[in-house]
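Written below as structure tokens is the structure these notes are about.
The values are calculated or read from the model by the stated rules, or taken from the named source; none is laboratory data. Treat the numbers as computed from the prediction; the structure is a model and nothing was measured. All Cβ positions, even for glycine, are placed from backbone atoms using ideal geometry, and neighbour counts span all protein chains on display. Surface areas here come from the heavy atoms of the whole protein model, side chains and all, with no ligands, DNA or RNA. Shrake-Rupley method; radii C 1.70, N 1.55, O 1.52, S 1.80 Å.
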Amino acid sequence: PQQEVSKYLNSVEAMRNKSGNVGVWKHRKKDGTVIDAEITSQPLIFEGRPAKLVIAKDITERKQMEDAVRRSEERYRAFVEQSSEAIWCFEFEKPLFVEFSVEEQIEHAYQYGYLAECNDAMARLYGFNSADEILGAKLADMLVSSDPQNIEYLKAFIHSGYRLVDAETHEADKDGKIRCFLNNLIGVVEEGRVVRAWGLQRDITERKQAEEAMMRAKEAAEAANRAKSEFLANMSHEIRTPMNGIIGMTELLSDTPLDSEQREYLEMVRLSADSLLEIVNDILDFSKIEAGKFKLDLSAFSLQDTLGDTMKTFAPRAHEKGIELILHIAPLAPDSLTGDAVRLRQIVVNMLGNAVKFTESGEIALRVEVESQTQEEAVLHFSVRDTGIGIPPEKQRLIFEAFTQADASTTRKFGGTGLGLAISSRLVELMGGAIWVESEAGRGSTFHFTARFDVNQSMLQSDSALRGFSALIVDDNQTTLGILAESLEYWGANTALARGAAEALKETMQARVEGRSYDVAIVDAEMPGIDGLTLISLLKENPQTVRSAILLVSAVKGRSTSALGSDPFLACQLIKPVKPAELKAAMLRIANARDAQREKTSLAAKRTLLTAQRPLRVLLAEDNPVNRHLAVRMLERHGHQVVVANNGREAVEAFEQDSFDLILMDVQMPEMSGLEAAAVIRSRQSRAGRIPIIAMTAYAMKGDRERCLEAGMDDYVSKPVRAEELFRAIESVVNCGSVTEVI
């Protein structure tokens, strides 16, 4: 271009007159690309004559970098100037060294820090029109040095390595008014010195004022609520005192001679007093919770006993209405817990009370499942399901509010203060859980809640005591059938279900044809058509099919089982709802009785008699208390002396401290297994003094017998242990005497 040519000629002319850098010009390379060249000249003598050395340097990349820096600075200026956020930079008149102490750095910042750069938004925050009016301001003039929060702000900035996010400061504006700012800042450190600090600032004065106003209103509301709750608590205490006198004197009066009319009036007084006391207790509990004076009383308790006993108190009311009460605790749920059993019972009572109140027929089921569990802690999920009137969706959110019913008409029809579920909701929160409801009008409700407990131990673990036990369960309620079957199968029993007496009779007839039998029949006493008592009488006519029966009744203790005969193993009465521990205890009693009867029957059938039998000193190693008790009774009935060890380690210690004729060794035990204990015993005795060891184990798979013999045991008996099999094994390894066949 003409301008480039002119620039070139001017550069050449300049070189004639002086040396050094004379300019930058465009140059087209051979390949056609255009570069920026920097021209430099140097005088010299060439071939005896004065001359000039001209040097051209390609500075294209440098020019590009300079242009990039210029554009970056332009973008930065545009961003800073147009930003609505306050942006600033503080520098220091004297160097601020990082080696200073925190106190020295703060003092230095106040004394030598000044505003070196900021945008107009920053100036407007402080009441100025432009940045030029505030530049150069001292940090000490802006930051209120006497404010403790500002001191902490600077300390945090230093401790964090000169980088801070969302820190609040109090600073004075142009008119001296203190404002609250939210700051984000970063310091620039070079060679051990804090060179400058960049920051981003926002005015939050109005927001803080609104928050403080809300906090004051909240505190005032809480104070008023506490005053109300304390008043209610005091009033409740004042009412309870005379109420206790009324109830106590009523009980004393009921023990005196009264005619029927007086006793009827007195009973009405007692019921009214109890109802009033229940209302007062609800108000007292609610007021304590609202006043923040309520605390959980933590102690060890049994989950089964707490829930089972609670449900049994509702059994008479439910029975009067023809309602089936069902308790289902998942077999894997821990039983021994630490928590507030009284308040857990209170929650369940509130839910069960509502369920019975609003249900006219059908069933009410309390279920407990494990939501999560560790060795130390468990979160349990409780639910109470009924077949009552249900709750419309739009009313469900109201039922957990204090003094509220889902429908005002329910208060007139069913009574109540509306505090029960509100209290339950607060208690569940204290237990670290949640509460909710699922319901549909006319189709019943299910109330759920979770609660957190410390776990002590599981008191209802599965064992082999009932493995192989056969049970026929008869009940007209499908839910009850499923729950009983689940528990029995978890304990190792085999089950058959019959929904009613007709199905039970059909099943027993089929079993008789097939040559099968049941160890026990679990029968509901109150079924439509053929009731439980009649069914048991029919089952007793065929003892080969069903050997024993458990009678389950619906909280009616008056129904006697005397009609079933005097044999205690033909009828064992349990009261609904049945706790798992009660059911298992009854099953174990029947299993033990069955084993004893089988032993007696087997010996009589084979016409075999053990004679001239010498008593043995037996070491029994068994960790299960039920199995241990059963084995001890079997051995002692045959005149043997028994020493008990609870695990393999104790068995080894007993062997070393005493002498025995025989060792009965369970295989699966804590601390040291039976196989390990047998190996240790064999290694510590001579062959001449070898003591017979018989394995008693629930393992009955292929290869288990061989493993026991390889460990040094002499024989093997699988669980459940039958007396006949046990004593046959003893006869095979110990010279107990002669066996005489009775002709």
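For this structure, a couple of remarks:
- Inside the stretch 364-382, residues that are within 12 Å of the chain's Cα centre (by Cα) and crowded, with 20+ Cβ neighbours inside 10 Å make up a count of 2.
- Reported count of residues in the stretch 117-158, each being open to solvent by less than 50 Å² (accessible area, probe 1.4 Å), part of a loop (DSSP other than H, G, I, E, B) and either touching a Phe, Trp or Tyr at 6+ places or on another chain (Cβ under 8 Å) or within 19 Å of I87 (Cβ to Cβ) (or both), is 8.
- Hits in the stretch 17-67 (condition: of a type in the set (F, W, Y) and either at pLDDT 85 or above or open to solvent by less than 70 Å² (accessible area, probe 1.4 Å) (or both)): W25
- Considering only residues in the stretch 341-355 that are modelled with pLDDT of 90 or more and of a type in the set (V, I, T), the one that is surrounded by the fewest Cβ atoms within 10 Å (Cβ to Cβ) turns out to be V348.
- Of the numbered criteria (1) touching a strand residue (DSSP E or B) at 6+ places or on another chain (Cβ under 7 Å); (2) surrounded by fewer than 19 Cβ atoms within 10 Å (Cβ to Cβ); (3) closer than 20 Å to L574 by Cβ, the one S361 fails is (3).
- Residues of the stretch 657-683 classified as of a type in the set (D, E) and out of contact with any helix residue (DSSP H, G or I) (no Cβ under 9 Å at 6 or more places or on another chain), total: 2
- Of the residues making up the stretch 306-329, those that are part of a helix (DSSP H, G or I) and open to solvent by less than 20 Å² (accessible area, probe 1.4 Å) are L307, G308, T310, M311, F314, A315, A318.
- Members of the stretch 164-204 that are hydrophobic (A, V, I, L, M, F, W, C), surrounded by 15 or more Cβ atoms within 10 Å (Cβ to Cβ) and closer than 13 Å to M142 by Cα: A172, C180, F181
- The listed residue being under 25 Å from A723 (Cβ atoms) and either at pLDDT 80 or above or open to solvent by 40 Å² or more (accessible area, probe 1.4 Å) (or both), out of S560, S566: S566
- Looking across the stretch 330-340, just one residue is touching a Phe, Trp or Tyr at 6+ places or on another chain (Cβ under 6 Å) and surrounded by fewer than 22 Cβ atoms within 10 Å (Cβ to Cβ), and that is P331.
- G161, sole failed condition from (1) within 44 Å of the chain's Cα centre (by Cα); (2) crowded, with 17+ Cβ neighbours inside 10 Å: (2)
- Filtered by the rule that a residue be in a loop (DSSP other than H, G, I, E, B) and either open to solvent by less than 10 Å² (accessible area, probe 1.4 Å) or within 14 Å of V733 (Cα to Cα) (or both), the stretch 650-688 gives F660, D661.
- One residue stands out in the stretch 144-175 among those that are touching a residue at least 12 places away in the same chain (Cβ under 8 Å) and of a type in the set (D, E): the one that is farthest from A109 (Cα to Cα), namely D175.
- A single member of L143, L135, L200 is more than 42 Å from the chain's Cα centre (by Cα) and modelled with pLDDT under 85, and it is L143.
- Taken over the stretch 473-487, the criterion of being over 35 Å from the mean Cα position of the chain (by Cα) and either more than 17 Å from I530 (Cα to Cα) or buried (at least 24 other Cβ atoms within 10 Å of the Cβ) (or both) is satisfied by V474 alone.
- Within the stretch 85-111, considering residues that are over 56 Å from the mean Cα position of the chain (by Cα) and over 25 Å from L182 (Cβ atoms), the one surrounded by the fewest Cβ atoms within 10 Å (Cβ to Cβ): K94
- Per-region count, the stretch 159-169, residues outside any helix (DSSP H, G or I) and under 25 Å from G192 (Cβ atoms): 7
- Of the set (1) at pLDDT below 70; (2) out of contact with any Ser or Thr (no Cβ under 9 Å at 6 or more places or on another chain), all apply to D309 but (1).
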